[in-house]
Amino acid sequence: MSSRLSIRFILAASLLAGAVTSCTTRSPAPPPKAQRTLYEWHDDHGPGEVKVRINLTSQRAFYTRGDRPIGWSFVATGKEGHGTPTGTYSITEKVVDKYSNAYGWIEDEFGNVVNGDAKPSTPVPPGCVYVPAPMPYWMRLTNYGIGMHAGVIPEPGEPASHGCIRLPKPLAPILHDAVVIGTPVIIER
């Protein structure tokens, strides 16, 4: 009789231990962080030319074909001291793989950035190299270096560039294909 009792006790204890550990299993991973929508594009490729309107206050661009809206995006325009000029422009040059001749960074031999806001005239320490900033899917607006291109938009709704209009990276090639030399671009407050 005592062996039956000890077997029942062992079974009960193991069931209880299993129940306790099942209640203390690791908690589920937190849900993935929500991603902010940086653009929408719904070009119907119908009649009419593409037009771009950039609002510096909201840091958004609005795209139309004819009179039909075909998309919008956040942009990052010129930060204080590097303002993006208002006015009516047109695209005068399109280059898929362009690099800045005015801005870049300096990195050491291991690829670590030692100066993230350098110009070609910035002294380069020994063992380091100046790297011009990439401006993929470049669309020139002025003869003094202002244009639209793919770039980082670190804080949607806030200026961040040296004067150019940065576009969301996935949208830049789409817009680059949709516009032509002469496409109008209005920049306003």
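Throughout, read-outs are computed from the coordinates displayed, never taken from laboratory work. Just so it is clear, the model here is predicted, and its values are computed rather than measured. In this analysis, Cβ positions are derived from the backbone assuming ideal geometry, glycine residues included, and neighbour counts consider all displayed protein chains.
Estimated from helices alone, the mean residue ellipticity of the chain at 222 nm is -5000 deg cm²/dmol (sum of -39500 (n - 2.57) over DSSP H runs with n ≥ 4, per residue).
So how tilted is helix 2-23 from the main axis of the chain? Cα-based, degrees 0 to 90, rounded to 10. The helix 2-23 is inclined about 10 degrees to the chain.
Spherically averaged projected area of the convex hull of Cα atoms, the chain: 20.0 nm². Its relative contact order, with pairs defined as Cα atoms under 8 Å and 6+ residues apart, puts the chain at 26 percent. Peptides 120-128, 179-187, 30-38, 159-167, ordered by how many other C-beta atoms sit within 10 Å of their residues on average, highest first, read 159-167, 179-187, 120-128, 30-38.
Each other residue within a Cβ distance under 13 Å of I187 adds +1 if Lys or Arg and -1 if Asp or Glu, for a net charge of +3. Rounded to the nearest 5, the antiparallel percentage of DSSP beta bridges internal to the chain is 80%.
Label positions at D44 and E80, each projected 7 Å from the Cα along the C-beta direction, are separated by 4.4 nm. Sorted ascending by nearby beta carbons within 10 Å, beginning with the fewest, Y137, Y99 become Y99, Y137. Sorted from greatest to least, the principal axis extents spanned by the alpha carbons of the range 87-189 come out as 45, 27, 25 Å. What shape does the range 31-96 take by its C-alpha gyration tensor, where a ≥ b ≥ c are the square roots of the eigenvalues and a/c under 1.5 counts as rounded, a/b above b/c as prolate, and the rest as oblate? It comes out oblate by the Cα gyration axes. Each Lys or Arg adds one and each Asp or Glu subtracts one; over the other residues with Cβ under 13 Å from the Cβ of P159, this totals +1.
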